[in-house]
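Comments concern the structure below.
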Amino acid sequence: MKNIKIYLIALVTSVFAFYGCEEESEPQNTNFITFAKSATSTQVDAGSSTTASITVYTANISSSDRAFNVTVDGSGAPDGSYSVPSTVTVPGGTNEGTLEVTINDPKNIAQNSIVISFSSSDGLFTGDPTTLTFSQSCNEVEATLEFVFDGYGSEISWEVVDELGAVIASKATASYADGQASATETFNLCQSRLYTFTIYDSYGDGLSFPADGTYTLSVGGVTKASGSGNFGSSETTNFNTN
């Protein structure tokens with residue numbers, strides 16, 4: 001009787017060990033590929049291009065190279081701003097491959113994105129798509145805004161807005177004092193971008209009383225906006241930082 005119990009215990013242990021090995025080895029025998037990350041981001045210089053490397057993994061290792069088809073949803077990016085190969089190769093002897101995506105200057109300052117997926121095929125299991133987000137990089141340049149006030153500096157306010165309507169730099173009414181002779185502001189902008197500068201006067205007579213005042217906005221020593229005297233309630237200038 002004692003020998004029978006020992007035999008049964010050994011048999012049950014062997015069965016559990018067998019199924020444990022089966023569960024561990026099953027993923028390695030599955031034809032499965034996935035992206036290493038669900039999202040990647042990069043930046044590209046204005047007028048230039050860059051390469052984004054996206055890693056993929058398979059569940060098994062083959063002795064020969066394997067190519068997997070990919071598809072792209074580019075609805076979130078301008079035409080011509082990206083180039084994605086139609087396949088990604090996982091070299092033989094490894095379970096890792098790299099998809100090299102070329103990103104060109106999108107010629108905007110928005111967050112652009114493309115979604116990359118694996119094409120489905122018989123016997124192939126695929127992971128979730130990956131999203132590649134890219135934008136134009138910002139190489140900063142210094143802007144200088146100089147005022148000579150007319151005597152009522154408290155009436156003056158101003159702002160610099162980018163192409164998307166975001167306020168990059170500003171000062172509110174009453175930031176300067178009545179009787180203050182002048183002021184100089186410095187702030188950073190991105191090179192090769194478009195901006196809008198607007199100066200406001202709360203009284204509505206610009207920089208004109210009791211004496212004419214002036215303002216000058218320059219980037220890298222180049223004047224981008226300027227004015228003097230009575231410009232009414234506001235004056236707006238569009239400029240670039242080329």
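The values are calculated or read from the model by the stated rules, or taken from the named source; none is laboratory data. None of these values were measured; they are calculated from a predicted model. Cβ sites come from the backbone with ideal geometry, for glycine too, and all protein chains shown count toward neighbours.
Flag: I116 does not match the condition of being part of a strand (DSSP E or B), within 30 Å of L207 (Cβ to Cβ), of a type in the set (A, V, I, L, M) and touching a residue at least 24 places away in the same chain (Cβ under 8 Å). Taking (1) crowded, with 16+ Cβ neighbours inside 10 Å; (2) within 25 Å of P106 (Cα to Cα); (3) not aromatic (F, W, Y) in turn, D162 satisfies each apart from (1).
Here's a check for you: in the stretch 61-77, which residue that is in a loop (DSSP other than H, G, I, E, B) and out of contact with any strand residue (DSSP E or B) (no Cβ under 8 Å at 6 or more places or on another chain) is nearest to L132 (Cα to Cα)? Only one residue fits best here, namely I61. Among the residues making up the stretch 165-189, a single one is under 16 Å from V141 (Cα atoms) and buried (at least 18 other Cβ atoms within 10 Å of the Cβ): L189. Within the span defined as the stretch 211-228, every residue fails to be among the acidic types (D, E) and in a strand (DSSP E or B).
Which of (1) assigned to a strand (DSSP E or B); (2) more than 17 Å from the chain's Cα centre (by Cα); (3) among the β-branched types (V, I, T) is the odd one out, the single condition T131 does not satisfy? That leaves (2) as the condition not met. Within the stretch 79-86, does at least one residue satisfy the condition of being surrounded by 13 or more Cβ atoms within 10 Å (Cβ to Cβ), out of contact with any Gly (no Cβ under 9 Å at 6 or more places or on another chain) and in the same structural domain as K37 (by TED's automatic domain parsing)? Yes, the stretch 79-86 has at least one match. The single residue among S41, S48 that is modelled with pLDDT under 95, under 38 Å from the mean Cα position of the chain (by Cα) and in the same structural domain as P106 (by TED's automatic domain parsing) turns out to be S48.
Any idea how many residues of the stretch 78-113 are of a type in the set (A, V, I, L, M, F, W, C) and not in a strand (DSSP E or B)? Summing the residues that are of a type in the set (A, V, I, L, M, F, W, C) and not in a strand (DSSP E or B) in the stretch 78-113 gives 3.
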